[in-house]
Amino acid sequence: MFRRLLTYIIFYLFIFTSSKANFDVMARTAILQDFHSGEILYEKEPDRSIYPASMTKIMTSIIAFDLIKSGDLSMDEKFIISEKAWRLSTSGYSSMFIMVGDEVSVENLLKGIIIASGNDACIALAEGIAGTEEEFALLMTAKAREIGMENTNFTNSSGINDPDNYSTVRDIMIMSRYLIEQHPKFYKMFAEKKFTWDRTGGDPITQGNRNPLLYKKLGADGIKTGYLAVEKYSLASSINRNGRRLIAVGSGFKTKNSRSKESTKLLTYGLTNFDLVEIAKSKIAFQKIDVWLGKEDYVKAYTNHDIYKTIKKAKKKLLKVSVKYDGPVEAPIEKDQKIATLRVVYDQELVGEYDLLSSKSIKKVNFLSRLMKSINYLIWGDV
């Protein structure tokens, strides 16, 4: 009985270890990132060029969100629908079903883009902002360069097939991260499951969000599907669960079902095989640093960064955090002056160094006090 049990355990461990070592998703290219630490947990040809299809609409939305944030555009502003925009609603593409001459608010156009994936809404928003879709595409590409999307070019606002409208899953991940970081309020629109448009000349049309992960109990709250015959199915997705956020992007899924299943598998892999460790929070005191010849004996040090590390399950003991400084630090000390270094080591490898800054100014004591402190130090070795 014992021998049989031991054999079973060894067999199970072998299968489990092998499955982890051979983990793969059935996509042509894919990437998975831990949002808080920024670490890549899985990648498969992440810099291979793809046609982003409707994932392009993430950048279309970002351009509008940036303008709203800067005060140069408002959600209530209305744009008149052109014939070019309307024609896309009659050509078999995904549409919001706007009509020529309609005056549609920016808010409704954004919902038509994000939830209904309307190509017509993309053109209407692009023309309203930049005059022409071509000029708007230049803004999109410029924004891509600004945020670090090095292998992306946009030629249209919707992602319809164009060989010169290309990207990579890594770049789509960078774009998705920017959206979530810079526009958390507007990002909530990507979690809305339906949008009703009270169209001209017909009954209101209600369309559901095409992101299949929103309808699963994963904690998914975005972001965008895509499909082109030349690329097959794609999905940029994000989940926010138990204080962790993951971003996954995959392209070249063969079917709709595969897109949903494999994206779920990728996100679940990140949740079940890795832990997120919070090391320090920005602007929060991390450690007291001894002060020499100051009017105070110590000063609290902080970092300007939220510092996280993603580690493999049950490997927390391999994470070492230390503070390095030549101390005690001699006064005077200026507020926000670098006084120490926070070092993060994982599995005996240095993975990060961060400046620790003084939380306040510390003045130097007068001559007599300095003399007494010096004598005290020589006798007792105490600062």
Query raised in the report: When only residues in segment 141-152 that are surrounded by 16 or more Cβ atoms within 10 Å (Cβ to Cβ) and in contact with a strand residue (DSSP E or B) (Cβ under 9 Å, 6 or more places away or on another chain) count, which is nearest to Glu83 (Cα to Cα)?
Result: Thr141
Query raised in the report: Hey, among Asn257, Asn240, which residue is surrounded by fewer than 20 Cβ atoms within 10 Å (Cβ to Cβ) and over 24 Å from Ser95 (Cα atoms)?
Result: Asn240
Report summary line: Out of (1) surrounded by fewer than 23 Cβ atoms within 10 Å (Cβ to Cβ); (2) under 19 Å from Ile68 (Cβ atoms); (3) touching a Lys or Arg at 6+ places or on another chain (Cβ under 8 Å), the one Ser157 does not meet is (1)
Requested in this report: May I ask you to list pairs of residues, at least six apart or on different chains, whose Cβ atoms are under 9 Å apart, with the first in segment 201-215 being not assigned by TED's automatic domain parsing to the domain that holds Thr268 and the second being surrounded by 14 or more Cβ atoms within 10 Å (Cβ to Cβ) and assigned to a loop (DSSP other than H, G, I, E, B)?
Outcome: none
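The rows are residues; the columns are (1) out of contact with any Gly (no Cβ under 7 Å at 6 or more places or on another chain); (2) outside any loop (DSSP other than H, G, I, E, B); (3) surrounded by 21 or more Cβ atoms within 10 Å (Cβ to Cβ).
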site	(1), (2), (3)
Arg87	yes, yes, no
Thr90	yes, no, no
Tyr93	yes, no, no
Met96	no, no, yes
Glu107	yes, yes, no
Leu110	yes, yes, yes
Ser117	yes, no, yes
Cys122	yes, yes, yes
Leu125	yes, yes, yes
Report task. Would you check if Leu246 is in contact with a His (Cβ under 9 Å, 6 or more places away or on another chain) and either assigned by TED's automatic domain parsing to the domain that holds Pro52 or in a strand (DSSP E or B) (or both)? Result -> no
Query raised in the report: Are any of the residues in segment 309-319 assigned to a helix (DSSP H, G or I) and touching a residue at least 12 places away in the same chain (Cβ under 8 Å)?
Result: yes
Query raised in the report: Within segment 182-212, restricting attention to residues that are small (Gly, Ala, Ser) and modelled with pLDDT of 95 or more, which residue is surrounded by the most Cβ atoms within 10 Å (Cβ to Cβ)?
Result: Ala191
Query raised in the report: Scanning segment 349-364 for residues that are in a loop (DSSP other than H, G, I, E, B) and in contact (Cβ under 8 Å) with a residue 60 or more places away in the chain, which turns out nearest to Val323 (Cα to Cα)?
Result: Ser359
Query raised in the report: Going through segment 51-76 one residue at a time, which ones are under 22 Å from Thr196 (Cβ atoms), of a type outside the set (S, T, N, Q) and touching a strand residue (DSSP E or B) at 6+ places or on another chain (Cβ under 7 Å)?
Result: Lys57, Met75, Asp76
Requested in this report: Quick one: in segment 294-326, of everything that is surrounded by 15 or more Cβ atoms within 10 Å (Cβ to Cβ) and over 29 Å from Glu181 (Cβ atoms), which residue is modelled with the highest pLDDT?
Outcome: Val299
Report summary line: Of the residues in segment 162-178, those that are under 18 Å from Gly250 (Cα atoms) and outside any helix (DSSP H, G or I) number 4
Report summary line: With the first residue restricted to segment 216-240 and required to be farther than 15 Å from Gly250 by Cα, and the second required to be among the charged types (D, E, K, R), Cβ contacts under 8 Å at 6 or more apart or on different chains are Leu218/Arg241; Gly219/Arg241; Asp221/Lys188; Asn240/Asp221
Query - segment 63-81 - residue that is surrounded by fewer than 16 Cβ atoms within 10 Å (Cβ to Cβ) and part of a helix (DSSP H, G or I) and, of those, nearest to the chain's Cα centre (by Cα) - result: Lys69
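The values are calculated or read from the model by the stated rules, or taken from the named source; none is laboratory data. Everything quoted here is computed from the prediction, not taken from an experiment. When we count neighbours, we look across all protein chains shown, and the Cβ atoms used for this are built from the backbone with ideal geometry, even at glycine.
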